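Notes to accompany the following structure.
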Amino acid sequence: MHSTRSPRTRKTQGTIAYRLVRMMIRLLLWLFYRRIDVVGRERIPPDGGVIVAANHHNSVVDAMLIIATVPRAVTVLANAPLFRHPLVGPLLRMLGAVPVNRRLEAGDDPQRNEGMFTAAIDALRAGGVVLIFPEGRTQPQPILLPLRTGAARLALGLERAAGGPHRVTLLPVGIVFHDPGIFRSASVQLTIGAPVATADIFASHRERPEEAVRVITARLTESIGERIVEAEDHYTLGLLAVLERAWWEEAARRGEPAPAPDKIAEQALAWKRQVMRAARYLGEREPQLVAELRRRVERYRGHLDEVGIASEQLGRTYTARFMVSYVAANVLWLALCLPLACWGIACHAVPYWMTGQIVPWLGRTLEEEATDKMAVGLVIYPLLWGVEGWLVWRLAGLAPLLAFLLLLAPSGLLALAWRERLGRVAGQARAFLRFLADRDLHRRLLDERRALAEELRALADRMPPEVLSHGTRDAG
């Protein structure tokens, strides 16, 4: 039977090695992150040359997220030292990545990156997708560093190499992390923007090439900036997330229409950017108001953490009948799954513990923590699984070894689900007991949430309209 895929389709999807690595990447991301949201996936062109330009927070994970999201084969422009990494390097070669020599590696020899530009332009001329991180380096805080000109020079270089106009899409992507580096707590949102306009610049770049590079880079900076939430640190982003949930829950209580399901992530991003713009505006004029609101959000989050519930869980009717039904159904599920979950925990406890011990010992930066955990896990887990399998074979024989191998993956996945559900049930039970002990606690938390939303609404009414409606990246 002959394959129905055309050579062009196979080329678009990448080599067999590329597809195998992408499958592994998707599995790792699914295991590590509690949630991955992708907004604007429909903006990815199905064909033609594409330059994907994204902000750069996490050393390797950023590229993994793009590879997992884009359905076409992606040529990654990666820092040259990563190719010397014993774990990451071979995977980059399987992906067909191209090394980029930063000034630190290239020294005084600019020719060392000529090969990178040539390979990237060749990929674009062939209708491929090229990934570049124009900030040039990673950084742990949720801010956008000044962009370098690599993406613009690639787009203009493609036209020169083609000897005339050549269609290429410059696609901006914003990546926002929450709780980065924390296994099964971390989440991430990718927002894919509309292509950056370049056709008008191409028409005049031959006469003023440097000006064309600056204009395209400025447009790209603005476009990426519109798709991330900039804050001084991740702690502030965490407080912003708490405030956001309080706002939307109170909006629902007031009967305001909720965002469409496919627009929730996009509207949440727009809302957070509005709040941060307003905070910067007020921070320069009335900083005491911003500081007081921040303290109130901190107190509210502390009260929720103390009780053990999330903001969206407030307003539920915590009757004895509801809790008995909820606990009974979940305890039954936990009990039925307990044997296989315990087996999964037993098989994975040692590699999980060892990974947690090794990663801090590496002494890497915060933004590299998730990358390090995945890389170390790729070595530690198979190694210890092999040791465990050998012990099962030596102590019990071939049949138990086959059972061990067959149950290894499903028991591990079930153990994750079992632990997460146990945590949810324990949190709900703790909250119910707190509400029983303090009959007024639930009402006080609701009042606190309502007061936060009302204070935020009052502050918004004091904002000039252009502050809240401004669509470009804010300065400062």
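The values are calculated or read from the model by the stated rules, or taken from the named source; none is laboratory data. What you are looking at is a predicted structure, and each value in this text was computed from that prediction instead of being measured. In this analysis, Cβ positions are derived from the backbone assuming ideal geometry, glycine residues included, and neighbour counts consider all displayed protein chains. These accessible areas exclude ligands, DNA and RNA; they are computed on the full protein's heavy atoms, side chains included. Shrake-Rupley method; radii C 1.70, N 1.55, O 1.52, S 1.80 Å.
Before moving on, here are some points about what is shown:
- Of note, V297 satisfies the criterion of being within 31 Å of the chain's Cα centre (by Cα), within 30 Å of E250 (Cβ to Cβ) and not basic (K, R).
- Where a residue in region 193-209 is assigned to a helix (DSSP H, G or I) and its partner, wherever it lies, is modelled with pLDDT of 75 or more, with Cβ under 7 Å and at least six apart: I201/A212; I201/V215; I201/I216; F202/E159; P209/L156
Here's the yes/no breakdown for (1) part of a helix (DSSP H, G or I); (2) of a type in the set (V, I, T); (3) open to solvent by 40 Å² or more (accessible area, probe 1.4 Å); (4) at pLDDT 90 or above:
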residue	(1), (2), (3), (4)
P257	no, no, yes, no
K263	yes, no, yes, no
A268	yes, no, no, yes
V290	yes, yes, yes, yes
R294	yes, no, yes, yes
V297	yes, yes, no, yes
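- Among (1) of a type outside the set (G, A, S); (2) surrounded by fewer than 17 Cβ atoms within 10 Å (Cβ to Cβ); (3) touching a residue at least 24 places away in the same chain (Cβ under 8 Å), the one test that K373 misses: (2)
- Listed conditions (1) among the small types (G, A, S); (2) open to solvent by less than 50 Å² (accessible area, probe 1.4 Å); (3) not in a helix (DSSP H, G or I) are all met by G283, apart from (3).
- Among residues of region 75-86 that are under 17 Å from D122 (Cα atoms), none has a Cβ under 7 angstrom from a residue that is at pLDDT below 85 at a sequence gap of 6+ or on a separate chain.
- Of the residues making up region 244-268, those that are of a type outside the set (K, R) and farther than 26 Å from D447 by Cα number 5.
- For beta carbons closer than 8 Å, sequence separation of 6+ or different chains, a first residue in region 327-347 that is over 11 Å from W418 (Cα atoms) and part of a helix (DSSP H, G or I) and a second that is open to solvent by less than 60 Å² (accessible area, probe 1.4 Å) and not small (G, A, S), the qualifying pairs are V327/V425; V327/Q428; C347/E388; C347/F404; C347/L408.
- So R421, is it touching a helix residue (DSSP H, G or I) at 6+ places or on another chain (Cβ under 9 Å), open to solvent by 40 Å² or more (accessible area, probe 1.4 Å), within 21 Å of A349 (Cα to Cα) and among the basic types (K, R): yes
- In region 156-184, the residues that are of a type in the set (V, I, T) and either part of a helix (DSSP H, G or I) or over 15 Å from A203 (Cα atoms) (or both): T169, V173, I175, V176, I182
- Considering L147, L158, L170, L190, the condition of being at pLDDT 95 or above, touching a Gly at 6+ places or on another chain (Cβ under 9 Å) and over 22 Å from D37 (Cβ atoms) is satisfied by L147 alone.
- When residues of region 211-222 are limited to those that are of a type outside the set (A, V, I, L, M, F, W, C) and closer than 13 Å to P146 by Cα, the one surrounded by the fewest Cβ atoms within 10 Å (Cβ to Cβ): R214
- Test result for R321, basic (K, R), assigned to a helix (DSSP H, G or I), open to solvent by 70 Å² or more (accessible area, probe 1.4 Å) and over 30 Å from R41 (Cα atoms): yes
- Of the residues making up region 200-210, those that are open to solvent by less than 80 Å² (accessible area, probe 1.4 Å) and not hydroxyl-bearing (S, T, Y) are I201, F202, H205, P209.
- At least 2 residues being over 24 Å from H178 (Cα atoms) and open to solvent by 20 Å² or more (accessible area, probe 1.4 Å) is the threshold, and among the helices (runs of 4 or more DSSP H) wholly inside region 42-155 those reaching it are 88-95, 103-106, 114-125.
- Top-ranked residue in region 212-247 [being among the small types (G, A, S) and outside any loop (DSSP other than H, G, I, E, B); ranked as farthest from A152 (Cα to Cα)]: A246
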